[in-house]
1. What does the highest-first list of 93-106, 10-23 look like by mean Cβ count within 10 Å?
2. Go through the range 4-101 and name the GluC sites (Glu not before Pro) that are in a DSSP coil and have 16 or fewer other Cβ atoms within 10 Å of their Cβ.
3. Over all directions, how big on average is the projection of the convex hull of the alpha-carbon atoms in the range 1-64, in square nanometres?
4. Mark the label point 7 Å from the Cα of Thr48 along Cα→Cβ and return the residues of the range 9-36 whose backbone N is within less than 17 Å of it.
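Just so you know, all these numbers are worked out from the coordinates, no wet-lab data involved. Computed from a predicted structure; not experimentally measured. Counting neighbours? That spans all protein chains shown, and the Cβs are built from the backbone with ideal geometry, glycine included.
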Amino acid sequence: MLRADLDPTSIPSLLRNLVLADVGDGGRSIGYRLVGTEVVAAHGLDYTGMTVEDLVSGESLDYTHRLYGIVVGQSVPVYSEGRFRWEKREYRLTRRLHLPMSRDGDAVDMVLLGQVFDLEHAGEEERLQPAQPDELDADLATLRDACA
């Protein structure tokens with residue numbers, strides 16, 4: 001998806017759950033350009049302008065690099081879910097969808113992340129699910145038919 005195709009004014013109800021990140025180095029360089037209010041509330045800080053290394057380290061940093069590496073390297077959406085500890089609260093389940101984006105239509109240099117938090121369920125182990133080529137082909141065919 002081209003960044004120019006994303007019009008935030010067309011999705012105002014989603015903005016609070018979105019994160020827009022600049023990425024490079026195959027997903028190892030991650031800088032947060034925009035962080036929605038619901039995500040800020042969950043983390044307890046607005047990390048707009050920060051890098052992933054400012055926020056996490058160790059296994060969490062390795063996991064984040066692996067996840068973004070798939071999005072950037074394979075140029076595919078990735079669904080993930082797992083435990084999230086709210087600021088000064090207990091662990092809960094979070095669900096995330098990472099979408100590859102590009103400024104120039106060639107290289108993935110941004111990731112749009114949608115993240116929601118489930119207050120009713122404690123989080124389980126992390127789950128990472130990259131989109132499969134046949135799923136992407138089917139989605140593209142559906143979009144082409146809808147636009148025809």
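1. Details: 93-106: 16.9, 10-23: 14.9.
Top of the packing list down: 93-106, 10-23.
2. Values: sites: Glu38, Glu53, Glu59, Glu81, Glu87, Glu90; in loops: Glu87, Glu90.
Here the sparse-neighbourhood loop sites are Glu87, Glu90.
3. Working: hull surface 20.3 nm².
It is 5.1 nm².
4. What the label zone holds, given the 17 Å backbone N cut-off, is 9-22, 31-36.
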